[in-house]
Amino acid sequence: MSFEDVSSRATALRQVVQLIQDASESLISSWENPAPDAVPASETSFAIPGRKAYNAQRTIIAALGSIEELVAEPHLRLVDFAELYFEVRALHIAVEHDIASLLAKGGVDGVPIEELAKKSGLEQSKLVRILRVLTTQHIFRETAPGRYANNRISQALADDERLRAQAICSSMGYAASSALPEALNDPIRGPSHEPQLAAWPLAMGTEATWFDWMNEKVPRSRAGEKASPGAARGSYKPVDNTSSDEELVPRHDAITYNMYLAGNSKSLGSPHLYDFPWGELGDALVVDVGGGVGSFDLQLAQLYPELRFVVQDQVTAIEQGISMWQEEFPEALASRRVQLLEHDFFKPNPIKEADIYWMRHVLHDWNDEDSVKILLNTAEAMGPNSRLLVADITLIETIGDPYIEAAPKPLLANYGVHSHHGFALDIAMMSLMNGRERTPSEFRKLFEQAGLEMVKLWDCRSILGIMECRKT
């Protein structure tokens with residue numbers, strides 16, 4: 001629908017307002033009387049709304065974007081959007097200095113800025129300006145002149161190390177995005193989909209890919225070097241492990257990155273615990289290919305006590321994962337109900353004919369050619385009754401997708417701003433390692449090249465879908 005003339009805009013605005021009213025009543029009703037399919041935060045530490053409430057949520061959020069399109073002055077809308085990165089950077093700073101935890105120790109009246117500045121190490125007048133922009137965006141709240149407190153949104157940061165890691169890791173892509181225009185205009189980097197020619201190595205001044213850099217062990221004195229170099233665009237000094245007498249350790253950013261993946265298991269992956277019938281699998285063996293520290297499997301293991309697991313990833317993730325499991329579910333390790341094994345998914349998978357092969361947030365890191373290699377190695381290990389479940393963002397274009405039910409008109413068919421995170425991650429993947437998020441049709445092509453057929457797209461309460469594949 002075109003909104004060029006006043007009458008069409010007026011009609012659309014009335015329709016959108018009515019959608020908000022109807023969806024709001026539905027959502028309020030679900031708050032007052034939770035549906036049987038709603039999952040409380042006490043069960044997974046991340047509340048999952050019932051399907052009716054989820055649809056109401058995404059309708060309201062999508063409608064807010066449509067209202068902005070209908071009512072905003074175009075020039076101001078574009079300028080506002082162009083400068084959002086300053087506000088995002090303010091959040092990075094607040095998380096880096098753990099402002100939410102400092103505020104959580106204060107009372108309902110908040111914490112004076114003098115105390116926040118002293119404890120955070122930030123200059124007082126500059127910290128005020130950081131907090132002003134965030135409170136205006138409804139992150140934190142101002143209780144009195146010079147006093148701040150958490151609100152419902154920021155409080156989530158105060159007691160969730162993995163959520164903080166998610167926010168910190170988003171800053172790792174910041175420098176990569178600053179180098180993206182240069183990379184796209186480069187005659188070599190621009191057309192390339194190779195990870196070593198992405199924007200991030202350009203920003204770092206290194207020839208290493210994102211994952212090679214992350215998985216490299218370094219002398220302890222260099223462990224704090226950042227994956228996001230900020231304004232620094234000088235040449236990166238490669239690590240020479242042959243001449244160092246220091247202990248070799250994982251990079252701090254690699255540990256944070258694995259925590260970020262664990263956080264994603266909650267924020268994007270928790271619905272997958274319930275929106276696929278895991279309980280029907282009995283004592284099936286689940287092989288988590290590229291499973292990081294095994295955070296998703298940890299949640300599954302606690303909910304479905306018969307399932308067995310093999311978590312596969314690089315050595316840094318496996319070492320960190322073993323520590324996490326020993327702390328949170330040691331009996332699963334002791335009984336060998338879960339095994340964490342070092343494995344490179346570009347090589348044949350040693351676990352043959354498992355019931356389920358699970359890939360979450362794996363393929364989006366890689367270009368099409370490498371993704372097919374990963375899928376082929378998994379497909380070759382699958383037996384006639386094996387299934388591959390791929391949990392990845394399924395991008396739905398604004399005009400819709402033939403396999404996905406569209407949002408109610410006049411909203412964008414993909415629920416607009418409700419789905420923006422997936423499209424933002426697509427640019428992040430391009431910047432960091434020349435990976436990509438994909439549409440259902442693009443996934444189907446990859447699966448077919450690996451001798452797999454996508455037999456079902458599971459409807460999940462998340463921007464990550466679950467695509468079920470079998471060998472053809």
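The values are calculated or read from the model by the stated rules, or taken from the named source; none is laboratory data. Remember, predicted model here, so these are calculated numbers, not experimental data. Positions of Cβ are backbone-derived with ideal geometry, glycine not excepted, and every protein chain shown enters the neighbour counts.
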Checklist entry - Which ranges mark the helices (runs of 4 or more DSSP H) fully within the range 1-104 that have 1 or more residues being of a type in the set (Val, Ile, Thr) and either in contact (Cβ under 8 Å) with a residue 24 or more places away in the chain or in contact with a His (Cβ under 7 Å, 6 or more places away or on another chain) (or both)? => result 6-32, 41-44, 51-71, 84-96, 99-104
Checklist entry - Has the range 450-460 got any residue that is buried (at least 22 other Cβ atoms within 10 Å of the Cβ) and either outside any loop (DSSP other than H, G, I, E, B) or within 14 Å of the chain's Cα centre (by Cα) (or both)? => result yes
Checklist entry - Across the range 196-224, which residue is surrounded by the fewest Cβ atoms within 10 Å (Cβ to Cβ) among those that are part of a loop (DSSP other than H, G, I, E, B) and touching a helix residue (DSSP H, G or I) at 6+ places or on another chain (Cβ under 8 Å)? => result Gly224
Item to check | Close pairs from the range 296-309: first more than 14 Å from Met324 (Cα to Cα), partner of a type in the set (Asp, Glu) and in a helix (DSSP H, G or I), Cβ under 8 Å, at least 6 apart | outcome: Phe309/Asp297
Checklist entry - Does Val310 satisfy the condition of being at pLDDT below 90 and assigned by TED's automatic domain parsing to the domain that holds Tyr357? => result no
Checklist entry - Got at least one residue in the range 104-118 being among the small types (Gly, Ala, Ser) and surrounded by fewer than 14 Cβ atoms within 10 Å (Cβ to Cβ)? => result yes
Next on the checklist: Looking only at the range 310-336, filter to residues that are free of Cβ contacts under 8 Å to residues at least 40 places away in the same chain and among the hydrophobic types (A, V, I, L, M, F, W, C); which one of those is surrounded by the most Cβ atoms within 10 Å (Cβ to Cβ)?
Outcome noted: Val311
Checklist entry - Out of all the residues in the range 337-344, is one or more charged (D, E, K, R) and crowded, with 21+ Cβ neighbours inside 10 Å? => result no
